[in-house]
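What follows draws every value from the coordinates through simple rules; no lab data is involved. Remember, predicted model here, so these are calculated numbers, not experimental data. All Cβ positions, even for glycine, are placed from backbone atoms using ideal geometry, and neighbour counts span all protein chains on display.
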Amino acid sequence: MSSNRAAFSLAIVASFSAFAVACLGESTTASLPDAASTTSDSGAMVDAGSDAVAPKVLADGLLEPVPYLQKSDSPFREVSFPSYFHLEDWEDSVLNTPGATSDSSTVSTSFGSALVDSIDGDDGVVDGKCAKDGGTCNAAFGGGTISFTFDATVLGKLPTHVGAVWTDGSTGCDAIFEAYDAKDVLIGTKKAVAVGDDNNTGGVAEDRFFGVVHAAGVKRVVVKSSAGGVEVDHLQYGR
Ligand SMILES: [Ca+2]
Ligand SMILES: [Ca+2]
Ligand SMILES: [Ca+2]
Ligand SMILES: [Ca+2]
């Protein structure tokens, strides 16, 4: 996305070397009753064993985009998902949470570690960057648009809640999110206007969560930049 990646890489890799933070990979950490499962890098959005907080219920529709630096910033955080919940953070460099595929298998590290635009908290600390042991966090990359499709056969039923975090595009670009139903009919679109900053080396202030709630099921979502490539992290879906 820029012609001076090499120079950025040298500077950023040097700064990364000061950090050695444990890797957070996806894992299955909780099993709920009735064969439900929750997969994420640190477990369920709602602790199935806790009754301290009443589950949040979100109305059908697209959510307003919100800043997102870590998993706890998700509007789904207090929602109860009795069937399943999965969150992909790309820290293992592949989309391999159950029942989700993408039209792009390209990851941000394919452009060098300096250009990776991961979620800040994927290195274990919210500090304005994602820098891990070896210098590399990761995210998904698409050439301006990237789509994620859900498989009702694998999942049992389509997710009712889907979110994804737009993490980079060209300077001043819009970030755009579209959601489609089981028949691939558009549910709706949301746009964060001119949210792209002038930093394509991992800046996190621009990062925005987009989400949709649709009780009848979400088949597909698309994340776009109005200019440049698009980086996406923390794909999350449940029902
Ligand atoms: Ca990541
Ligand atoms: Ca960080
Ligand atoms: Ca960013
Ligand atoms: Ca940027």
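State which residue is surrounded by the most Cβ atoms within 10 Å (Cβ to Cβ) when the search covers only region 156-194 and only residues that are part of a loop (DSSP other than H, G, I, E, B) and out of contact with any Gly (no Cβ under 8 Å at 6 or more places or on another chain).
The qualifying residue surrounded by the most Cβ atoms within 10 Å (Cβ to Cβ) is Gly156.
Provide a single number: the residues in region 192-204 that are of a type outside the set (Val, Ile, Thr) and without any contact (Cβ under 8 Å) to a residue 40 or more places away in the chain.
Of region 192-204, the ones of a type outside the set (Val, Ile, Thr) are 192, 194, 196-200, 202-203.
Next, only the ones that are without any contact (Cβ under 8 Å) to a residue 40 or more places away in the chain stay: 194, 196-199.
Here the count works out to 5.
Under 8 Å between Cβ atoms, which residue pairs at least 6 apart in sequence (or on different chains) link something in region 155-179 that is touching a residue at least 60 places away in the same chain (Cβ under 8 Å) with a partner that is of a type in the set (Lys, Arg) and within 16 Å of ligand 4 (Cβ to nearest atom)?
From region 155-179, the pairs are Val165/Arg208; Trp166/Arg208; Ala175/Arg208; Ala175/Lys224; Phe177/Lys224.
Name the single residue, out of those in region 117-155 being over 14 Å from the mean Cα position of the chain (by Cα) and assigned to a helix (DSSP H, G or I), that is farthest from ligand 4 (Cβ to nearest atom).
Among them, the one singled out is Thr153.
Checking the conditions here, which among Ser108, Ser113 is within 16 Å of ligand 2 (Cβ to nearest atom), within 24 Å of Ser226 (Cβ to Cβ) and crowded, with 21+ Cβ neighbours inside 10 Å?
None of the others qualify; the one that does is Ser108.
State which residue is nearest to ligand 3 (Cβ to nearest atom) when the search covers only region 195-239 and only residues that are of a type in the set (A, V, I, L, M, F, W, C) and part of a loop (DSSP other than H, G, I, E, B).
Looking at residues that are of a type in the set (A, V, I, L, M, F, W, C) and part of a loop (DSSP other than H, G, I, E, B), I get Val204.
Evaluate region 124-136: report whether one residue or more is touching a strand residue (DSSP E or B) at 6+ places or on another chain (Cβ under 6 Å), more than 13 Å from ligand 3 (Cβ to nearest atom) and among the hydroxyl-bearing types (Ser, Thr, Tyr).
Checked region 124-136: no residue is touching a strand residue (DSSP E or B) at 6+ places or on another chain (Cβ under 6 Å), more than 13 Å from ligand 3 (Cβ to nearest atom) and among the hydroxyl-bearing types (Ser, Thr, Tyr).
If you go through region 205-226 one residue at a time, how many are among the hydrophobic types (A, V, I, L, M, F, W, C), more than 16 Å from ligand 2 (Cβ to nearest atom) and either surrounded by fewer than 24 Cβ atoms within 10 Å (Cβ to Cβ) or without any contact (Cβ under 8 Å) to a residue 24 or more places away in the chain (or both)?
Residues meeting the conditions: 4.
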